[in-house]
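The values are calculated or read from the model by the stated rules, or taken from the named source; none is laboratory data. A quick note: this is a predicted structure, and the numbers were derived from the prediction, not measured. We place every Cβ from the backbone using ideal geometry, glycine too, and count neighbours over all the protein chains shown.
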Amino acid sequence: MTFLYNAWYVAAWDHELKNDSMLSRRLLDKKIVMYRDENGDPVALQDRCPHRFAPLSLGCLRDGEIECGYHGLRFNAKGQCVGNPHGNGHIPKGASVRKYSLVERYSALWIWMGNNEPISDAIPDFSFLDPKTSIVAKDYLHARANYVLETDNIMDLSHIEFMHKSTLGSSAVRNAVSEVSQEGNTVWSRRLTKDEVLPDFLEEAWRIPKGTPVSRWMDVRWDAPANMLLSVGAVPSGDAPRTGNSTYIAHFFTPETETATHYWFGFGFPKSMGDAGYERANTAIANIRKPFELEDLPMLEAQQENMEDQSFWELKPVLLAGDAGAIRARRVLEALIKDEASDSA
Amino acid sequence: MTFLYNAWYVAAWDHELKNDSMLSRRLLDKKIVMYRDENGDPVALQDRCPHRFAPLSLGCLRDGEIECGYHGLRFNAKGQCVGNPHGNGHIPKGASVRKYSLVERYSALWIWMGNNEPISDAIPDFSFLDPKTSIVAKDYLHARANYVLETDNIMDLSHIEFMHKSTLGSSAVRNAVSEVSQEGNTVWSRRLTKDEVLPDFLEEAWRIPKGTPVSRWMDVRWDAPANMLLSVGAVPSGDAPRTGNSTYIAHFFTPETETATHYWFGFGFPKSMGDAGYERANTAIANIRKPFELEDLPMLEAQQENMEDQSFWELKPVLLAGDAGAIRARRVLEALIKDEASDSA
Amino acid sequence: MTFLYNAWYVAAWDHELKNDSMLSRRLLDKKIVMYRDENGDPVALQDRCPHRFAPLSLGCLRDGEIECGYHGLRFNAKGQCVGNPHGNGHIPKGASVRKYSLVERYSALWIWMGNNEPISDAIPDFSFLDPKTSIVAKDYLHARANYVLETDNIMDLSHIEFMHKSTLGSSAVRNAVSEVSQEGNTVWSRRLTKDEVLPDFLEEAWRIPKGTPVSRWMDVRWDAPANMLLSVGAVPSGDAPRTGNSTYIAHFFTPETETATHYWFGFGFPKSMGDAGYERANTAIANIRKPFELEDLPMLEAQQENMEDQSFWELKPVLLAGDAGAIRARRVLEALIKDEASDSA
């Protein structure tokens, strides 16, 4: 499978991009340098000088321009060469690097790497991560696994019973009522467990009295390529589900290469919660990192290793009830990639 | 060269397979999970769940069945899916993993990875390693070298003069009388040195008075793919050779990949030796590991590295007198692989 | 790009080749073993026994001959097998390893790896490194970068302004008068800066009073494949340049593989300088290693990584004024490689 290029990918959390320094990262198997210009606006350029292919990120950032660290060519935020210290100072034809649209929204930096005009509205709504209105807690993991395996993981949360026994799952999960739906290219995978006694990990996180049977919802919204919003919550059994407060978690997956993925995840709580909200957010992000890092990550990397050079479909996967959402998302993504390929053909 | 599949390979020593735990190992470039069922009988299955390709070895072993650690599919010792916790519990068609015959014999677990019916009698006789009648001392090394290079090494023991000067060899080795013979697909490479004063290492191991000239025999029996029995011993010069007690050492080589090998080696002494036998066995295995690990292993790995991407025959090896046994074994193995390929064509 | 074979490459500094020991090194992607024979004369052989492909460098050196450490074949300095301890001692046909010409000159060992007769006179003149007449200070670095990137680096010293700001460069460098010329296959890249105040690093090294404006010359002579002589010096502004003493530095680059390079660099000072010359040489080599190792090396390795699998020309480099010398050298080298290929076709 190739990548979908005309789409928004998260390239970094906002705090990763500081003033006066550059961040180099491989995204969709291309080296990208990111920085903030004099106004603090984010910039993304191809991280390779057209002269001798030095990474621009090894150079100096001055006045919103990069000076290459090897021979001093200067590039502005549009990727144009604007300074040549050598000879008569003439700017050689073709001396430019590719510029990518990089938009700051929802505490993240979103990059568009395709050739089509970027569609700003196409960034899915993660307004619960808007730092103006929310307390946001953010973290990052790197996985040596294909990014669609990560989509599979989130879209089929039946796995929490087996993989996260002591933290997120319980034996009630298998009896969940699940439902998959699609609106345009957005896929929803919703799951409701009934009369579930949550593991201590969640009872404590959600301040539910120990041993209380609850209805728990875990609803995932997926948008291509692999940006997911998870809303979860619980009410005492008998109460109407999905009426109580939901906790929102974002899962952003961006391919580093075909077999490695950048994984950003974050919580947002209303600013109205004040200090308690900050404490809650910090605790939540620190807690959730543990199952993600210690349980999901090793499994996903082992999956990838086991797949060797074969594609998902070549391996003829056996499909289960819980796969409906993941497979729907795969089909949408595959169609988008196919369309893009035929457009550019 | 491809692998010979319809043959017995050692997959583990018996003690490596404990009750209530799983052992995952790459054999012939395939990931295999091994465990003991409720009766203690050894089981070998493909280590890849057919649903999402998770290694089954990352799951749980319960009542002789494996529960996949990702989504909870259960597999019995035949590799059949016998439990699906999702949806209506229906077992999806095709939900099975390949089962391999795994036989416990001579302190080892023997695996058959080919498509033909396994032939139990085809395991060569290593009854000196039978734990019912013998004191057995076992060890293991991993080599980044093709397994046939290991066969070459054992079948041509003329190398001990040069590679193991201080432990196993002496300058008398070059004058050995050697003899190669074949019975069916079994190849023998026999070697007798005369009037040899053994290195201290062996005089001490075999309790021979220092400086005594001896006749020493080193006889190797090879069976495809790479299972060898070495019987060695010495009598005072003048006595009829091969009349005294032999020490028996097994060398089992199983390809992990084309360029890496699992190497199991072990001694067996009669139980009648009692405590002295245990002491002898433990000392022998600890001593022999040193030249194997510190002298053979670096050489074999350097050979493999030097061969780069070329095959043994492409490199046009110069042949010496001592190669007769190794080349005979290579020819038998090549013929068996060729036959197997034409059978399945 | 393939390699140029019929040419002299540095294989080692003279002191790297000790009596009674062997040195194994990969050169032009071939493993070579080097040693000194009984007369101290340097020998270079293919480092692979023709019997079982063991590296000869793992064997023993005795009386100017190598005994293979695996089965004891002996090879003389011509690469001929001269001893076989096995069987009747007959030397098998074809039992030889390739011998390469290895010449000791200018404190270095020069190897010729092509099939044509080596041309002794073709070694470029580096007599300032002759240990009979000079105090020589030598060092070595290993770079994970193609060797022609190293040529580019030295032939275009305009980079010192940007890469070596605190040691070798200054902002006057961009205004240098530069000049490229060619004599036969030798390319010169000459550079003269005027009214330059040198960085402290150089003022101290060259004992120039702090803040003195100078004329500085930096002249590079290149010979294929990648052997360069750098002569540098400075006189007070107004004095005729290139009249004062020059400091000479050799840069020898030999491909280990397509993407890795051996890098030898050295200073030579007249023996007439006595103790002061030794101190100067030792200080100079220790100082110069720092920018080479900490500034050039990371950039060159990053360039190589950024080029991925593409060739220099495929990447369509933008050319600057300072590239003239590097491109001229590339063109000469490419023509020599092309000629060699058509000769052997």
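So A:A302 passes all but one of these: (1) under 18 Å from A:I154 (Cα atoms); (2) of a type outside the set (S, T, N, Q); (3) in contact (Cβ under 8 Å) with a residue 24 or more places away in the chain. Which condition number does it fail?
It fails just one condition, (3).
Would you call A:D20 over 18 Å from the mean Cα position of the chain (by Cα), loosely packed, with under 15 Cβ neighbours inside 10 Å and touching a residue at least 40 places away in the same chain (Cβ under 8 Å)?
When the stated conditions are applied, A:D20 passes them.
Please go through region A:163-187 and pick out each residue that is modelled with pLDDT of 90 or more and either under 21 Å from A:W222 (Cα atoms) or outside the structural domain of A:L229 (by TED's automatic domain parsing) (or both).
The answer is A:V177, A:S178, A:E179, A:V180, A:S181, A:Q182, A:E183, A:G184, A:N185, A:T186, A:V187.
Before we move on, is C:H86 modelled with pLDDT under 95, buried (at least 20 other Cβ atoms within 10 Å of the Cβ) and not assigned by TED's automatic domain parsing to the domain that holds C:N146?
yes
Please verify whether B:D139 is crowded, with 20+ Cβ neighbours inside 10 Å and either among the polar types (S, T, N, Q) or within 24 Å of the chain's Cα centre (by Cα) (or both), treating the condition exactly as stated.
Judged against the criteria, B:D139 is not a match.
Within region A:54-71, how many residues turn out to be farther than 15 Å from C:P317 by Cα and without any contact (Cβ under 8 Å) to a residue 40 or more places away in the chain?
So the answer is 10.
Restricting to region B:311-332, give me the number of residues that are touching a residue at least 60 places away in the same chain (Cβ under 8 Å), over 21 Å from C:S96 (Cα atoms) and out of contact with any strand residue (DSSP E or B) (no Cβ under 8 Å at 6 or more places or on another chain).
So the count comes out to 1.
Out of the strands (runs of 3 or more DSSP E) lying entirely within region B:186-246, which hold 2 or more residues that are polar (S, T, N, Q)?
Correct list: B:186-197, B:227-236.
Just checking, does region C:292-304 include any residue being assigned to a loop (DSSP other than H, G, I, E, B) and surrounded by fewer than 21 Cβ atoms within 10 Å (Cβ to Cβ)?
No: zero hits.
Is it true that some residue in region C:280-298 is of a type in the set (A, V, I, L, M), within 14 Å of chain A (Cβ to nearest Cβ) and touching a residue at least 60 places away in the same chain (Cβ under 8 Å)?
So far as region C:280-298 goes, yes, one or more of its residues are of a type in the set (A, V, I, L, M), within 14 Å of chain A (Cβ to nearest Cβ) and touching a residue at least 60 places away in the same chain (Cβ under 8 Å).
Considering each of A:V332, A:V318 in turn, give the residue that is surrounded by 14 or more Cβ atoms within 10 Å (Cβ to Cβ), modelled with pLDDT of 95 or more and away from chain B (no Cβ under 14 Å).
When all the criteria are applied, what remains is A:V332.
I'd like to check something: does region A:157-167 contain any residue that is outside any helix (DSSP H, G or I), under 19 Å from A:I249 (Cβ atoms) and touching a strand residue (DSSP E or B) at 6+ places or on another chain (Cβ under 9 Å)?
no
Which condition from (1) among the β-branched types (V, I, T); (2) modelled with pLDDT under 95; (3) not assigned by TED's automatic domain parsing to the domain that holds B:K30 is the one that B:I154 breaks?
(2)
Can you tell me which of (1) within 17 Å of the chain's Cα centre (by Cα); (2) without any contact (Cβ under 8 Å) to a residue 24 or more places away in the chain is the one C:M155 doesn't meet?
Result: C:M155 passes all but (2).
Every residue in region A:149-168 that is within 9 Å of another protein chain (Cβ to nearest Cβ) and under 20 Å from B:N88 (Cβ atoms), please.
A:D156, A:S158, A:H159, A:E161, A:F162
Exactly one of these conditions fails for A:G266: (1) within 14 Å of another protein chain (Cβ to nearest Cβ); (2) touching a Lys or Arg at 6+ places or on another chain (Cβ under 6 Å); (3) under 18 Å from A:I154 (Cα atoms); (4) of a type outside the set (A, V, I, L, M). Give me its number.
Here A:G266 meets the rest and fails (1).
Looking for whichever is touching a helix residue (DSSP H, G or I) at 6+ places or on another chain (Cβ under 9 Å) and modelled with pLDDT of 95 or more here; the options are B:G59, B:G79. Which one fits?
Residue meeting the stated conditions: B:G59.
For region C:277-319, give me the residue count where each residue is more than 15 Å from A:Y70 (Cβ to Cβ), more than 18 Å from the chain's Cα centre (by Cα) and of a type in the set (V, I, T).
So the count comes out to 1.
In region B:169-198, what residues are under 24 Å from the mean Cα position of the chain (by Cα) and more than 14 Å from every other protein chain (Cβ to nearest Cβ)?
Listed by number, the residues that qualify are B:S181, B:Q182, B:E183, B:G184, B:N185, B:T186, B:V187, B:W188, B:R190.
If we keep just the residues of region A:118-134 that are part of a loop (DSSP other than H, G, I, E, B) and hydrophobic (A, V, I, L, M, F, W, C), which is farthest from A:A250 (Cα to Cα)?
Among those that are part of a loop (DSSP other than H, G, I, E, B) and hydrophobic (A, V, I, L, M, F, W, C), it is A:I119.
Take the conditions closer than 17 Å to B:K290 by Cα and away from chain C (no Cβ under 11 Å) and apply them to B:F201. Does it pass?
Judged against the criteria, B:F201 is a match.
So B:S134 ticks every box in (1) in contact with a Leu (Cβ under 8 Å, 6 or more places away or on another chain); (2) more than 20 Å from B:D223 (Cα to Cα); (3) among the small types (G, A, S) but one. Which box is left unticked?
(1)
Take the residues in region B:232-267 that are of a type in the set (G, A, S) and touching a Gly at 6+ places or on another chain (Cβ under 9 Å), then tell me which one is modelled with the lowest pLDDT.
Looking at residues that are of a type in the set (G, A, S) and touching a Gly at 6+ places or on another chain (Cβ under 9 Å), I get B:G244.
Based on what the data block shows, is A:D195 touching a Ser or Thr at 6+ places or on another chain (Cβ under 6 Å) and more than 21 Å from A:G266 (Cβ to Cβ)?
Answer is yes for this residue.
In region A:135-148, is there at least one residue being part of a loop (DSSP other than H, G, I, E, B), β-branched (V, I, T) and away from chain C (no Cβ under 14 Å)?
no
Regarding region A:188-202, can at least one residue be identified that is at pLDDT below 95 and aromatic (F, W, Y)?
yes
Would you check if there is a residue in region B:93-104 being touching a residue at least 40 places away in the same chain (Cβ under 8 Å) and farther than 22 Å from B:N6 by Cα?
For region B:93-104, residues touching a residue at least 40 places away in the same chain (Cβ under 8 Å) and farther than 22 Å from B:N6 by Cα: present.
Which residue out of B:D29, B:D47 is buried (at least 24 other Cβ atoms within 10 Å of the Cβ) and under 24 Å from A:V318 (Cα atoms)?
B:D47
Take the conditions within 25 Å of B:M113 (Cα to Cα), within 14 Å of another protein chain (Cβ to nearest Cβ) and either buried (at least 18 other Cβ atoms within 10 Å of the Cβ) or under 18 Å from the mean Cα position of the chain (by Cα) (or both) and apply them to B:T261. Does it pass?
Judged against the criteria, B:T261 is not a match.
Within region B:220-246, can you find the residues that are among the basic types (K, R) and surrounded by fewer than 17 Cβ atoms within 10 Å (Cβ to Cβ)?
B:R242
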